């Protein structure tokens, strides 16, 4: 779930956004793994046109897949 969205100005006069994500414990999907790993958070730095697609409180499904090239 998007917990926070903040804009940062850069030295060229442009800007970027930081999106902070946390686990959405409202979802039944997270109950199974949450009992073993009770917290999750990560952040992304994105351009403004990408940040438009993310709203605070909105949930997303994130999948971690092992890299087969290793």
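Details
- Across segment 17-32, the number of residues qualifying as assigned to a strand (DSSP E or B) and either in contact with a helix residue (DSSP H, G or I) (Cβ under 7 Å, 6 or more places away or on another chain) or at pLDDT below 90 (or both) comes to 2.
- Tallying residues that are touching a residue at least 12 places away in the same chain (Cβ under 8 Å), exposed (fewer than 10 other Cβ atoms within 10 Å of the Cβ) and farther than 14 Å from residue 61 by Cα within segment 15-42 yields 1.
- Residue in segment 51-68 that is outside any loop (DSSP other than H, G, I, E, B) and exposed (fewer than 11 other Cβ atoms within 10 Å of the Cβ) present: no
- Within segment 55-67, residues that are under 9 Å from residue 24 (Cβ atoms) sit with their Cβ atoms under 9 Å from residues that are at pLDDT below 90, at 6+ positions apart or across chains, in these pairs: 59/24; 59/26; 59/27; 60/24.
- Residue check, residue 45 surrounded by 14 or more Cβ atoms within 10 Å (Cβ to Cβ), touching a strand residue (DSSP E or B) at 6+ places or on another chain (Cβ under 8 Å) and either assigned to a strand (DSSP E or B) or touching a residue at least 60 places away in the same chain (Cβ under 8 Å) (or both): no
- Verdict on residue 8 being modelled with pLDDT of 95 or more and either part of a strand (DSSP E or B) or surrounded by 11 or more Cβ atoms within 10 Å (Cβ to Cβ) (or both): no
The values are calculated or read from the model by the stated rules, or taken from the named source; none is laboratory data. No experiment lies behind these values; they were computed from the predicted model shown. When we count neighbours, we look across all protein chains shown, and the Cβ atoms used for this are built from the backbone with ideal geometry, even at glycine.
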